[in-house]
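What follows is a set of notes on a single structure, which appears directly below.
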Amino acid sequence: MRRLDEQEIRDIANGSAILGTGGGGDPYLGTLATLEAVTKHGAPQLMDPEELSDDSLVAFPFIVGAPVPGVEKFPFGNELAQALRTLEDQLGRKVDAVMSAEIGGANSMIPMSLAVRVGIPVVDGDLIGRAFPEIQLTTLTLHGIHASPFALADEHGNGVVLNVIDNFWAERIARAVAIEFGAVCVGVAYPISGKQVKVATLHRTVSFAGRIGKALREAKAAKKNPLDAVLAAADGVEVFRGKIIDVERRTQRGWAVGEAVIAGSDRFTNRVARVRFQNENLVLMVDGEVVASVPDLITILEADTGAAITTENLRYGFRVAVIGIACQPIWRTEAGLALAGPQHWGYEVKYVPIEQGAGAA
Amino acid sequence: MRIGIDVGGTNTDAVLVEGNEVLASHKTPTTADVGSGIITALENVFRGSNHRPDEISAVMIGTTHFTNAVVERRRLLKSAAIRIALPATQALPPMIDWPADLREAIGNHVYLVHGGYEFDGREISPLDEKEIREVAADLKRKNIRSAALTSVFAPVNGKMEERVAEILREEVPGIYVSLSSEIGRIGLLERENATIMNACLQELAITVVRSFRDALNRLGIVAPFYISQNDGTLMSSDYAEKYPILTFASGPTNSMRGAAFLSGAQEGVVVDIGGTTSDVGALAHGFPREASAEVEIADVRTNFRMPDLLSFGLGGGSIIRQNNGHMTIGPDSVGYELTSKALIFGGETLTTTDVAVAAGMLDLGDRKKVEKLAPGTVQAALDEIHRMVEVAIDRMKTSADPIPVILVGGGSVLISKPIAGASEIQKPKNYAVANAIGAAIAQVGGEVDRVFMLEGSSRDEALAAAKREAIGKAVEAGANEETVKVVDVEEVPLTYLPSNSIRVRIKAVGDLTVS
């Protein structure tokens, strides 16, 4: 167990933006809120999953709802503690530690914000290893573990507990509750034992995000190539480089869906890449061939600065590098691909592991 | 006949414009009192044109004075930040992301009170008037004379901010009140930041607007005067006294609008090459395209209307270096020391201006001093300058199609060859006073930024309602109804929600009604 200082918290936030694969929400406000909570309540403790006792109780806090209301009525203050209390009342016992549901994007910061308020540690890990926009897309679903009881709370002190038959219903009902709470609120779900954390979650992904953020920061300070630093820290591979020449967007079932077209440069000259996205970047095709696909991580970075570009900020003219990072092995199992592979998102392409796709490209 | 004035940090420019014609212009150093610089510029304009002050129908002024005041942390008024939001938003109190010295400069007076709205217009909590009167009493006790009011989702409904303003005015006579609903878009922290900055500029705004008014009176100009806003539209001088922050970044906007006017281009890329840096921006319908992301001013994050500019280190004073056959230009510049440090002025630094003189593109200084430069070096430098401009233009274009390029600013002499991606290149006459021209031709606008729930109404109905409202706001601000057009429609779906909600942002502009 170790305490995280401000620098480490910022590194984790910056690394999580890269693991957000273009979505997951901007960690800016969440980072500020965490640092503010740290000023008031002290630094968060980061705990290795192996340090948990098997019978300890761990839960997963996250933001539920839409990003636009979230920038007006940010819910990650006392709302978090309220949601945790609601869950604890339902379970009849205290939660011993919290853990990130989603290391990619804004939800990377939420457990820290809650943990320091109630004085419990944060477990080093998460349930996705990247960003996904739906509650059921977690490793716990793959292990047959329920999201419920699932507590949601608002700023007034209202709490709602969902007892649902499966994690798909959790997603649907939570969104309906979120609308009543102002289209954005917080939830604490997936209460599990320390033993379950050890077998069914992704370990040390908070440290992983921190290492990526740190590499980026140090490369900038030393005026070294930030892209190389990110690739080395994330064990990623550059799968394309070029200039964005077209971005097409449309709305489909409430999702921001689209495609960015990139004309190749350097060793990709004369080649054309297409990145298809639905909030997150999901499929990369180069000259018509799939090079990378969800659940592997596809992140578009500004070529000179190494900064991650979110799907809503993709624009003509950006000089970009597209990097691929292998997803956690559990997502590559048959069940993992059935839950979150390309077909889940409506793409009629076969999943190609990044190592294979990058080698071919 | 109109007058456009640009009061910059260094120079004050004035132009006299009739219809599409620039009748006269003058450039003079900006003075500490602002007013005497304006008088000098205007006297020269009248003298040079044989026109009289009583022929003027309107005066438009652009100024960077308020931006500079915040950047330099001077003449800022102690202000209170009042957020109408409880019990929501406590995770991030007001001014949380401000630099400590700026927060200190205006005092750290933060209040959170009950109220605010949800995205769909429901109240988070009712306003508690007793609570507001207690805040007012505290302001009185602390002798705080300016307050910034920000309610959650004020762009959806500004009524609570208005009611709090009424109460504060009753309780604290003479207090200045800034409302976030008048300033920014959705994004509580950023809109609040802009509103607080506005609050601390209240006294300076009165002083500066008065000095504008006095200068015009002294010259016998009786026409109404307007101040340009960051989106290239005008506000009345009375409104500018209340909302000086809306002048932030009006300089680059005016420069781009001036370039559009001088060239006649509605769509295109404007490249403004100065002494140290170049600014590149895109024109859409004759207006600068706006930045989509948050913009930092004086290290504070805001989200209000700013032109989307790409700045890079190329100007007339940029330093040229050669290392192992590799050439770099800028980003550093000899700046105002050009006339002592550049080779053509007897200095020892190779600058872009030296290269332009050596290539015969410019007649300046002592040409003999650059005769010894290798032709290969001159050529390589020119190639690099053009490449830098090409990359920047390409970055700001919105499609791969060739697009008109308009060059303004003193450094535009550096561009002599065709530019890749440009359908044509224009270097309009009077480019040096593009800012003042941009002010002179400014129009009046109205904007709506709102979330619509598409239950019971179609998307088209929602867009039509928003357009009507934006047009209404433009007319209210003084636009001639017949000339008002919707120039920008942005529609963003609210993702992650089952209900069909969209956020719509619409801007309408029209010509100023001039009697």
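The values are calculated or read from the model by the stated rules, or taken from the named source; none is laboratory data. Fair warning: this is a prediction, and the values are worked out from it, not measured in the lab. Glycine gets a Cβ as well: all are built from the backbone with ideal geometry, and neighbour counts include every protein chain shown.
If you check A:Gly324 against the conditions, is it in contact with a strand residue (DSSP E or B) (Cβ under 9 Å, 6 or more places away or on another chain), at positive phi and either among the small types (Gly, Ala, Ser) or not in a strand (DSSP E or B) (or both)? In short, no. Can you tell me which residue is nearest to the other protein chains (Cβ to nearest Cβ) among those in the stretch A:276-309 that are buried (at least 22 other Cβ atoms within 10 Å of the Cβ) and in a loop (DSSP other than H, G, I, E, B)? This residue is A:Asn279.
In the stretch B:401-421, the residues that are part of a loop (DSSP other than H, G, I, E, B) form Cβ pairs under 9 Å with partners that are surrounded by fewer than 18 Cβ atoms within 10 Å (Cβ to Cβ) and hydroxyl-bearing (Ser, Thr, Tyr), at six or more places apart or across chains, as follows: B:Asp401/B:Ser423; B:Pro402/B:Ser423.
With respect to A:Ala151, determine if the residue is more than 18 Å from the chain's Cα centre (by Cα), buried (at least 24 other Cβ atoms within 10 Å of the Cβ) and not in a helix (DSSP H, G or I). Yes; evaluated as a whole, the condition is true for this residue.
I'd like to check something: does the stretch A:206-228 contain any residue that is touching a residue at least 40 places away in the same chain (Cβ under 8 Å), more than 30 Å from A:Asp48 (Cβ to Cβ) and in contact with a Lys or Arg (Cβ under 7 Å, 6 or more places away or on another chain)? There is no residue in the stretch A:206-228 that is touching a residue at least 40 places away in the same chain (Cβ under 8 Å), more than 30 Å from A:Asp48 (Cβ to Cβ) and in contact with a Lys or Arg (Cβ under 7 Å, 6 or more places away or on another chain).
Quickly run through the stretch B:178-201 and pick out the residues that are surrounded by fewer than 24 Cβ atoms within 10 Å (Cβ to Cβ) and within 21 Å of B:Leu139 (Cα to Cα). Of everything in the stretch B:178-201, just one residue is surrounded by fewer than 24 Cβ atoms within 10 Å (Cβ to Cβ) and within 21 Å of B:Leu139 (Cα to Cα), namely B:Leu179. Scanning the stretch B:279-337 for residues that are at pLDDT below 85 and aromatic (Phe, Trp, Tyr) gives B:Phe287, B:Phe304, B:Tyr336.
Here B:Gly264 fulfils each of the conditions (1) at pLDDT 80 or above; (2) more than 14 Å from chain A (Cβ to nearest Cβ); (3) crowded, with 24+ Cβ neighbours inside 10 Å apart from (3).
Could you count how many residues in the stretch A:178-196 are of a type in the set (Val, Ile, Thr) and buried (at least 24 other Cβ atoms within 10 Å of the Cβ)? First the steps, then the outcome.
The initial filter retains those residues of the stretch A:178-196 that are of a type in the set (Val, Ile, Thr), namely A:179, A:184, A:186, A:188, A:192.
Next cut, buried (at least 24 other Cβ atoms within 10 Å of the Cβ) only: A:184, A:186, A:188.
Going through the stretch A:178-196 one residue at a time, the tally reaches 3.
Would you pick out the residues in the stretch B:132-166 that are part of a helix (DSSP H, G or I), surrounded by fewer than 18 Cβ atoms within 10 Å (Cβ to Cβ) and at pLDDT 95 or above?
B:Arg133, B:Glu134, B:Ala137, B:Asp138, B:Lys140, B:Arg141, B:Glu162, B:Arg163, B:Glu166
Whenever a residue of the stretch B:114-141 is closer than 12 Å to B:Ile82 by Cβ, its partners that are assigned to a loop (DSSP other than H, G, I, E, B) and of a type in the set (Val, Ile, Thr), lying with C-beta atoms within less than 6 angstrom and at least six residues away or across chains, give the pairs B:Gly116/B:Ile124; B:Gly116/B:Val152; B:Ala136/B:Val172; B:Leu139/B:Val172.
Only one of the numbered conditions (1) outside any helix (DSSP H, G or I); (2) in the same structural domain as B:Glu131 (by TED's automatic domain parsing); (3) under 24 Å from the mean Cα position of the chain (by Cα) is not met by B:Arg103, and that is (1).
Quick check, is B:Ala470 crowded, with 24+ Cβ neighbours inside 10 Å and not assigned by TED's automatic domain parsing to the domain that holds B:Asn303? Criteria met by B:Ala470. Scanning the stretch B:267-278 for residues that are surrounded by fewer than 23 Cβ atoms within 10 Å (Cβ to Cβ) and of a type outside the set (Val, Ile, Thr), which turns out modelled with the highest pLDDT? Among those that are surrounded by fewer than 23 Cβ atoms within 10 Å (Cβ to Cβ) and of a type outside the set (Val, Ile, Thr), it is B:Glu267.
Taking the criterion of being more than 20 Å from B:Arg218 (Cβ to Cβ), surrounded by fewer than 24 Cβ atoms within 10 Å (Cβ to Cβ) and among the hydroxyl-bearing types (Ser, Thr, Tyr), the residues of the stretch B:48-86 that qualify are B:Thr64, B:Thr67. Within the stretch A:239-270, the set of residues being basic (Lys, Arg), touching a helix residue (DSSP H, G or I) at 6+ places or on another chain (Cβ under 9 Å) and more than 9 Å from chain B (Cβ to nearest Cβ) comprises A:Arg241, A:Arg249.
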